[in-house]
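In what follows, a structure is listed as structure tokens, so that the remarks can point back to it.
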There are 2 protein chains.
Amino acid sequence: MATRSAALESARRPRKSASATAPSVVVGLNAVIVAVTDEVPRVLTVSRTDHALAGGGPADALPFGPLRPEQHRTLERGLRSWARQQTGIRLGYVEQLYTFGDRFRDPRAGQGGPWMISVAYLALVREQQLAGSGEAHWRDWYDYFPWEDWRSGPPSLISQTITPALESWLTQASDMPATRARRERRDIAFGLHRTPWDTERTLERYELLYEARIVGEAASDVGKPTPPEAENLGRPMALDHRRILATALGRLRGKIKYRPVVFELLPPAFTLSHLQRVVEALAGIRLHKQNFRRLVERGGLVEGTGQYDEETGGRPAELFAFRREVLRERAAPGVRLPGPQARV
Amino acid sequence: MATRSAALESARRPRKSASATAPSVVVGLNAVIVAVTDEVPRVLTVSRTDHALAGGGPADALPFGPLRPEQHRTLERGLRSWARQQTGIRLGYVEQLYTFGDRFRDPRAGQGGPWMISVAYLALVREQQLAGSGEAHWRDWYDYFPWEDWRSGPPSLISQTITPALESWLTQASDMPATRARRERRDIAFGLHRTPWDTERTLERYELLYEARIVGEAASDVGKPTPPEAENLGRPMALDHRRILATALGRLRGKIKYRPVVFELLPPAFTLSHLQRVVEALAGIRLHKQNFRRLVERGGLVEGTGQYDEETGGRPAELFAFRREVLRERAAPGVRLPGPQARV
DNA sequence: TCTGATATGCTCAACATGAGTATAAGGAAA
DNA sequence: TTTCCTTATACTCATGTTGAGCATATCAGA
């Protein structure tokens, strides 16, 4: 108890100059800003030269900035302010994702060194022009996770590169039980051996690839150059940003099923095909069109506006809008994914 | 960009003595440790005298300790170590809940004052003996949220106290649209006006009650004594700990539906009634027995052990065990709640 | 008007769910 | 030892939801 109240006391003692004293803990704020434009889910990145890591060159990074207690009234405000400064975007929907804390604690960070923890946020926006200080770019998030896109069937990357690599990782386990445990993890993560592919296990998959040292960052984090095999395992990112991105992807994939967040990514009026393409882009799978329609329409999630989109190239499609009342009617309104469409 | 790398540089500069310099940001670690014993879900609390708040006396608090970068290798390890010190418990299943950051930023905290952010964790254990430095107690979590327990029908507290109080809060809105918005929030949160009761909206409900100043902390946080009406709105806690607890409750209620976490709260072998009582305790509702049984048994979540519990007071019940293979077979294995049983 | 788009409507079997009734197997009271 | 109360477990059945597909509507352009 003594330790606890002592810490609180010292925390409460006012300081004279905020920026003069070296902070013992730096709190970083990271934003995963997502938009979807015609079939492709995009994430906003800035490019950054990472002194800390081997390999030197500029790497993709998430918009990031340290929390400034003197300026930022809350964590979320701090995040919004950094995002605005670096990308020019005023964020709308924002939710906290996860707080990452093991970073800078691996051997190379030095003993007794400072600690950086990052509070990561997920933001959903409609794609828009960029401005701000950083060189910000929208990027297809499947550039970072090519194995996550199953919209045109199971990616050959999995069977051709990942599975064999994981197979050899299996054999490196210390003993039989450890091998078994690794095999189970692999099968569940990648949907092998009559296990279904679970779209939400994105973080598990990335962490597995990291642990098996298949992915670029696994080498650069210990100061080695990226091995050539890692080339087609997605673009690497600075620090642990790809891990944060994997967390965001998984969270979003889960969330669209029980909360109407997709609509944050769509204009106020949209066709059902448009809605479906956005959901498919996020979930990384194809859906059965007629059933999808039935689900969102009869589920009360959308309502027709009476207006039509003539640009379809076929029969004009009715424009729909999000039906706000659904929030009252159903406990967990979202796009529960109807079974995937058979391979095209 | 400049600001960003400058901050990183300063973070990287090693310090001489960790405890000598006043940290600008203190990172707190909070643990919500949950167990269930015969029908009642319990949370582990320590009692603590809160100098900062009016009202003086000792209040219930969650096990808490500041992150010590010099000692704790990761956030989670830090948390485990504090929990062990204060309660004597070695935590098993632990998951990160949320990072709370607006604390100590309200007017009374002083300008330019230090910042405390808290990273909260949820831990699930089987109830056990307590030890450690703190005066730790297991408490029924419905002591803190009496309106959340619907196991014997809708709590009269809601119709008798909460609804009227919220009604007057409605009328205090600045204009009509604001009133409308408040009414919608209230209806959705508390399942009024043909909106179903959503067991997972625990945080929304607590925050609503806080905003409407119905709950004890709303007064004490601005230095006033707790008004008498707040007496039956649950035990207050120190600081924002009740908010953290509400978050934990909601998260756990959601999670049991799609991940087999309930089994962390049960012994290796249990009867189906036992399992059901634990789920009901968490969800705060009664379930239809036969359907519950069908769900977990045919869903492959459990398997019979061939042994029987003779202590039932009726026909002996078979003992079941968690069936690990379900992790491979189904994407989101959990106790999807079968419809509530009609009021008894 | 025919063809190729896309949108939208409708059907049907399989499966899941809500809400029971019926039967089994203990202990305790009569 | 019979009756009754208790809890466990089995089975039923109407209804709802889902997967999968066929059928029809409405546009553009050949």
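For residue A:211 and residue A:70, what is the calculated FRET efficiency with R₀ set at 41 Å and r taken between the beta-carbons, to the nearest 0.05?
Details: r = 40 Å, r/R0 = 0.96.
Rounded to the nearest 0.05, the efficiency is 0.55.
In Å², rounded to the nearest 100, what is the total accessible surface buried by chains B and A against each other with a 1.4 Å probe?
Values: alone 18370 and 18370 Å², together 30700 Å².
For chain B against chain A, roughly 6000 Å² becomes buried.
Taking amide H positions as placed in the peptide plane 1.01 Å from N, state which residues far from residue A:42 in sequence (5 or more) or on other chains have amide H under 5 Å from it.
A:35, A:36, A:37, A:141
Residues of A:81-90, mean number of Cβ from any other protein chain within 10 Å of their own Cβ, rounded to a whole number? Please list the in-between numbers first.
Working: counts 0, 2, 0, 0, 3, 3, 0, 0, 0, 0.
Taking the mean over all residues of the peptide, I get 1.
Under 5 Å between amide hydrogens, which residues at least 5 positions from residue B:89 or on another chain qualify, with H placed 1.01 Å from N in the peptide plane?
Under 5 Å from the amide H of residue B:89 lie the amide H atoms of B:131, each far enough along the sequence or on another chain.
Could you please report the charge total around residue A:245, scoring K, R as +1 and D, E as -1 over all other residues with beta-carbon less than 13 angstrom from its beta-carbon? Please report the intermediate quantities before stating the final value.
Values: positive: A:42, A:139, A:205, A:235, A:242, A:243, A:251, A:253; negative: A:60, A:140, A:143, A:148, A:207, A:217, A:240.
So the environment of residue A:245 carries a net charge of +1.
Using a 7 Å offset from Cα along the direction of the beta-carbon, what are the separations from residue A:77 to the same position in each other copy, nm, ascending?
Ordered by increasing distance: 3.6 nm.
Mind checking the mean number of beta-carbon atoms from other chains within 10 Å of the Cβ atoms in A:65-77? Mind dumping the intermediate values first?
On the way: counts 3, 8, 6, 5, 11, 5, 0, 3, 4, 6, 7, 2, 3.
Mean partner shielding for this stretch: 5.
Sort A:188-194, B:171-177 for me by packing, meaning the mean count of neighbouring Cβ atoms within 10 Å per residue, highest on top. Don't skip to the end; give the middle numbers.
Values: A:188-194: 17.1, B:171-177: 9.1.
Listed from highest to lowest mean packing, they are A:188-194, B:171-177.
Hey, what's the per residue convex hull volume over the C-alpha atoms of the stretch A:256-331, in cubic angstrom? Spell out each step's value before the answer.
Numbers: hull volume 7.4 nm³, N = 76.
Dividing the Cα hull volume of the stretch A:256-331 by its residue count gives 98 Å³.
Regarding the stretch A:201-244, what are the three Cα extents along the principal axes, ordered largest first, in Å?
For the stretch A:201-244, the Cα spread along each principal axis is 28, 19, 17 Å.
Using the per-residue mean of other Cβ atoms lying within 10 Å as a proxy for protection, in what order, highest first, do the peptides B:27-37, A:318-328, A:142-152 fall?
Numbers: B:27-37: 23.5, A:318-328: 16.8, A:142-152: 19.2.
Highest-to-lowest ranking by the protection proxy: B:27-37, A:142-152, A:318-328.
Please state the charge dipole magnitude for the stretch B:217-290, taken about the Cα centre, from unit charges on C-beta atoms (+1 on K and R, -1 on D and E), reported in debye and rounded to the nearest 20.
For the stretch B:217-290, the charge dipole is close to 440 debye.
Sorted from shortest, what are the nm distances separating the label point of residue A:306 from equivalent points in the other copies, each placed 7 Å from Cα along Cα to C-beta?
Residue A:306 label point versus its equivalents elsewhere: 7.0 nm.
Which one of B:227, B:202, B:154 is farthest out on the positive end of the charge dipole of the stretch B:151-234, using unit charges on Cβ (Lys, Arg +1; Asp, Glu -1) and the Cα centre as origin?
Projecting each Cα onto the dipole axis, the largest value belongs to B:154.
Report the full-extension gain for the segment residue B:332 to residue B:160: residue separation times 0.36 nm, less the Cα-Cα distance, to one decimal in nm. Display every interim value, and only then the final one.
Details: separation 172, 0.36 × 172 = 61.92 nm, distance 3.90 nm.
Gain on extension, residue B:332 to residue B:160, equals 58.0 nm.
Expected output is a single nm value to one decimal: the length gained when fully extending between residue A:173 and residue A:137, i.e. 0.36 nm times separation in residues minus the C-alpha distance. What is it?
On the way: separation 36, 0.36 × 36 = 12.96 nm, distance 4.03 nm.
Extending this stretch completely gives an extra 8.9 nm.
Please list, by residue number, everything in the stretch A:152-192 whose backbone N is under 19 Å from a paramagnetic label point 7 Å out along Cα→Cβ of residue A:231.
A:156-165
Determine one quarter of the surface area of the Cα convex hull of the stretch B:151-234, which equals its mean projected area, and express it in nm² to one decimal. Don't skip to the end; give the middle numbers.
Numbers: hull surface 24.0 nm².
Computing the convex hull of the Cα atoms and averaging its projections yields 6.0 nm².
So what are the ³J(HN,Hα) numbers for the stretch B:135-141, from phi and the Karplus equation (6.51, -1.76, 1.60; θ = phi - 60°), rounded to whole Hz, Gly and Pro as x?
8, 8, 9, 7, 10, 4, 6
Residue A:231 label points, 7 Å along Cα→Cβ, one per copy: pairwise distances from this copy to the rest in nm, shortest first?
Copy-to-copy label distances for residue A:231: 7.7 nm.
If amide H atoms are built 1.01 Å from N in the plane of the peptide, which residues on other chains or at least 5 residues away come under 5 Å of the amide H of residue B:121?
Correct list: B:30, B:31, B:32, B:97.
If we count every other residue with Cβ under 14 angstrom of residue A:227's Cβ, Lys/Arg +1 and Asp/Glu -1, where does the sum land?
Charge balance near residue A:227 sits at -2.
The values are calculated or read from the model by the stated rules, or taken from the named source; none is laboratory data. Being a predicted model, the structure only gives us computed values, none of them experimental. Note that we place each Cβ from the backbone using ideal geometry, even for glycine, and neighbour counts take in every protein chain shown. Note: areas computed on protein heavy atoms with side chains; ligands, DNA, RNA excluded. Shrake-Rupley method; radii C 1.70, N 1.55, O 1.52, S 1.80 Å.
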